[in-house]
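Taking it in order: structure first as structure tokens, then the write-up.
The values are calculated or read from the model by the stated rules, or taken from the named source; none is laboratory data. Everything numeric here is computed off the predicted structure, so don't read it as measured data. Cβ: placed from backbone, ideal geometry, glycine included. Neighbour counts: every protein chain shown.
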Amino acid sequence: MNKFKFLRLLSLFVVMCATSLSSWAGSTTYYSKVVATAVGDGKVYASKASTGSPAYVEGSSEATNSGSSQNQSYYVYAQANEGNEFVGWFDNAECAGTALSTSASYTVSVNATSTTQGSPTTMNVYAKFQAVGGPELSYTEGHSYANISAGTYKNETLVTKNVTETITYESSNENVATVASDGTVTLLKNGTCIITAKSGTASGSYIITVIDDVQAGVTQIGNGDFEDWRGVTSSNHAPNNWNSFETNEGDFATMARAQQVAMAEGGRPGSDGFYCADIYSRNVMFGIIAQGNLTLGCINAGATTAADAANHNVSKIDDPSKSETISKVPSAIKAWVKFVPGKANANYPYARISATVHDEYNYITHGKATFDTDENKAHAIAQADSNFAACDWTEITIPFEATGNTTDGQMYIIVNFSTNAEPGQGQEGDHLYIDDVELVYPEAPEPVVYNKYISVAVNGTSSTPQAASIEVTYNEDNTIDFNLKNFALDNNGTPMYVGNINLPGLAIDEDGNFSFSGDIKIAEGDKEGVTTWFGPKLGDIPVVLDGTIKDEYFYVHIDINVGYPVEVEVGDLANATVSVSDALVATFCAPFKVAIPEAYQSAVTASIVSDVVNDVLLLDPVSDYVIPANTPVIIETAMAADLPVSGIFVKGASEKSLLVGVYEATAAPVGSYVLQSIGGKVGFYQVAEGNQPTVGANRCYLNVPASGVKAFFLAEDDATAISETLGEKTAETDGAVYNLAGQRIQKMQRGVNIINGKKILK
């Protein structure tokens, strides 16, 4: 055996003996492990050895100690990828709190407690990396619009980079909008403000413009504050909804296409906004000046000479990007302007603004009025224009003047700004700054509140009149907005709340009459303490309304169909008394509808005297036990009574019929008939000269011209019969029942019946 083999065997023997002795002595082997993990854009390495080139592994790297030492040191390394930097070592995956070390090379000591090789004592460490430059915040959507009716808005396009601290938010104008800790914006009023997100030294922001639903795109010009721009990173950019030479059309469009509008920072004094529009002139060539031009329509470059009819602005109604709709005609247009000429020019010192409301037509605006055609003029509804000299920021207001043309269709508006009032004039370097273009309308009138009464009949059953509040707004265009607030139905003494019946824009004539017929949606009311309104749940319901409001008179009648008829009367409350003596018959007339209560319908009859035939009065009972307003009737009852009644006052004289109602004590005309009891006999007695009885308020007298009858009596055998006293014009009878045509019938019918020569009313 050679020397080397001997030494090797000796070493092996020593090791084996050491192991056996150690086990025999009860010694323990400890196991530990370190796990290094990269958080961010970088690599990590872990090893028991501190020398040699680290073998980096993306994500994590591990090293295990299985030796006999209870305390073991590990070496971990961190290396950032390109464009990033190492921040530090941390003991948690969020890399929060104080770093264990900020050195890329870090020694970790593990005090092993486990003797199980499969589950060693483990320490986790995390290397944090971040992009060079620190935390960053930005919004990819830099300008947002929100309708105030939405209540809240949140821009979800926030991009974060290397953000470790809490993000906070703030609003530049809390009168317009406030912002919560999670970035949700509460919309408060029309306007513009900046919402800023912050974290440490980083911040990012966006502009939010709060718009009113009613105004947006209907009564105001879109982007009239010039806060929203397109193509701002390119050489050709423009405010959204507006057009200049970069979007022109026409035979010479390419030649004329150039940047002549710019987004200027700042704006008019006191503005909540951040930008305005700057339009400027340029020298095309050889001293030819192309003036600055900004329009809601489209620039048509149709000729090489500036002062040519082919060069104009046109409202292209088939292209929403080159036209602007409007729902009503404004009274004026306002704008903030700042005009800075390139140099003094005594001949052409003025910039210009013009605006035209027109109908559904590609309306053309010319730089010279002489170019306008009669055909084009026929489509203009209202116009406003003004020339103005050099000025610092100034607010100008220009009234619209009506042309006399009207339309029932869609309306449009074209607004133009130019750096010179004369096409082709001015000089290079003229600048016109524009901000906050706004259409002005007459102030909305305050509604007039009428405190009246309302009576409701459901399926013919009327409720007791109740106090009601009605708002009526009188508009300048001879229309009214009618709003019956907090309308309710009576449900066995308990109100059932329906809601508000709001009908805007009803035409009203010079006599105060207005009407409506169509489907509506009932809105929720605002009565304090009421939480449930069933009207909005009905959806579209048919409504017919007729009303009159004139001087002191107010009356509105509404028919509603909700699957069953609902009749509503609104107006002043009137009162009367139905007074029936022991004769059990009376006359009555009231300026309001009176419904005979169901409990009394079998004991009370109300009849209209509809005609006189053969000196016999024909009486027709009222329909559905309802005495219409201003309708004279004969009341017959089973007992004497004084019954107070009330209802909604309906203006007008009593209906013309044989009975004439009066509303104040009146002397009966000579020749008329008045219901009286003379000698114990009740009837309508003719009034003679010098002996004119007084007919009391809400009573009636009978007017039967040229009858020759002295009196009309109630038939003795039927309380509802009225017959003549002169002549016995009877049919030959034996107790049989006949009608007025002489035809025999099986039983008495409603109306006049003839029995034993007596004309009897049933």
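Structure data summary
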item: Answer residue from the range 239-256, given it is in contact (Cβ under 8 Å) with a residue 24 or more places away in the chain and within 16 Å of Ser281 (Cα to Cα) and is surrounded by the fewest Cβ atoms within 10 Å (Cβ to Cβ) among those; result: Met255
item: Residues (modelled with pLDDT of 90 or more, touching a Pro at 6+ places or on another chain (Cβ under 9 Å) and either of a type in the set (S, T, N, Q) or farther than 27 Å from Pro705 by Cβ (or both)) located in the range 616-637; result: Asn630
item: Unmet requirement for Ser203, which otherwise passes all of (1) more than 33 Å from the chain's Cα centre (by Cα); (2) in a loop (DSSP other than H, G, I, E, B); (3) under 30 Å from Val132 (Cβ atoms); (4) at pLDDT 85 or above; result: (2)
item: Residue check for Ile167: out of contact with any helix residue (DSSP H, G or I) (no Cβ under 8 Å at 6 or more places or on another chain), more than 30 Å from Phe86 (Cα to Cα) and β-branched (Val, Ile, Thr); result: no
item: Residue check, Glu422 in the same structural domain as Tyr363 (by TED's automatic domain parsing), exposed (fewer than 14 other Cβ atoms within 10 Å of the Cβ), of a type outside the set (Ser, Thr, Tyr) and within 28 Å of Lys368 (Cα to Cα); result: no
item: Qualifying residue in the range 501-516 (condition: outside any loop (DSSP other than H, G, I, E, B), touching a helix residue (DSSP H, G or I) at 6+ places or on another chain (Cβ under 9 Å) and modelled with pLDDT of 90 or more); result: yes
item: Residue check for Val613: out of contact with any Pro (no Cβ under 7 Å at 6 or more places or on another chain) and modelled with pLDDT of 90 or more; result: no
item: Verdict on Glu567 being part of a strand (DSSP E or B) and either at pLDDT 90 or above or aliphatic (A, V, I, L, M) (or both); result: yes
item: Matching entry among Ser103, Ser23 (being at pLDDT below 90 and either polar (S, T, N, Q) or on the phi > 0 side of the Ramachandran plot (or both)); result: Ser23
item: Qualifying residue in the range 227-243 (condition: aliphatic (A, V, I, L, M), touching a strand residue (DSSP E or B) at 6+ places or on another chain (Cβ under 8 Å) and part of a loop (DSSP other than H, G, I, E, B)); result: yes
item: Top-ranked residue of the range 621-665 - restricted to ones that are buried (at least 17 other Cβ atoms within 10 Å of the Cβ) and in contact with an Asp or Glu (Cβ under 6 Å, 6 or more places away or on another chain), ranked as farthest from Ile454 (Cα to Cα); result: Thr631
item: Pro341 being in contact (Cβ under 8 Å) with a residue 24 or more places away in the chain and under 26 Å from the mean Cα position of the chain (by Cα); result: no
item: Subset of the range 273-287 [surrounded by fewer than 20 Cβ atoms within 10 Å (Cβ to Cβ) and in contact with a Ser or Thr (Cβ under 8 Å, 6 or more places away or on another chain)]; result: Gly273, Phe274
item: Top-ranked residue of the range 608-633 - restricted to ones that are among the hydrophobic types (A, V, I, L, M, F, W, C) and under 53 Å from the mean Cα position of the chain (by Cα), ranked as nearest to Ala457 (Cα to Cα); result: Val626
item: Among the candidates Glu655, Glu689, Glu664, residue that is at pLDDT 90 or above, among the charged types (D, E, K, R) and either out of contact with any His (no Cβ under 7 Å at 6 or more places or on another chain) or within 16 Å of Ala586 (Cβ to Cβ) (or both); result: Glu664
item: Within the range 358-376, tally of residues that are under 20 Å from Ala421 (Cα atoms) and not in a loop (DSSP other than H, G, I, E, B); result: 6
item: Any hit, the range 455-462, residues being within 27 Å of Ile333 (Cα to Cα) and not aliphatic (A, V, I, L, M); result: no
item: Total residues in the range 431-456, condition over 30 Å from Gly493 (Cβ atoms) and either touching a residue at least 40 places away in the same chain (Cβ under 8 Å) or touching a helix residue (DSSP H, G or I) at 6+ places or on another chain (Cβ under 6 Å) (or both); result: 12
item: Strands (runs of 3 or more DSSP E) wholly inside the range 378-493 containing at least 1 residues that are within 28 Å of the chain's Cα centre (by Cα), of a type in the set (A, V, I, L, M) and over 30 Å from Pro239 (Cα atoms); result: 448-458, 466-474, 479-491
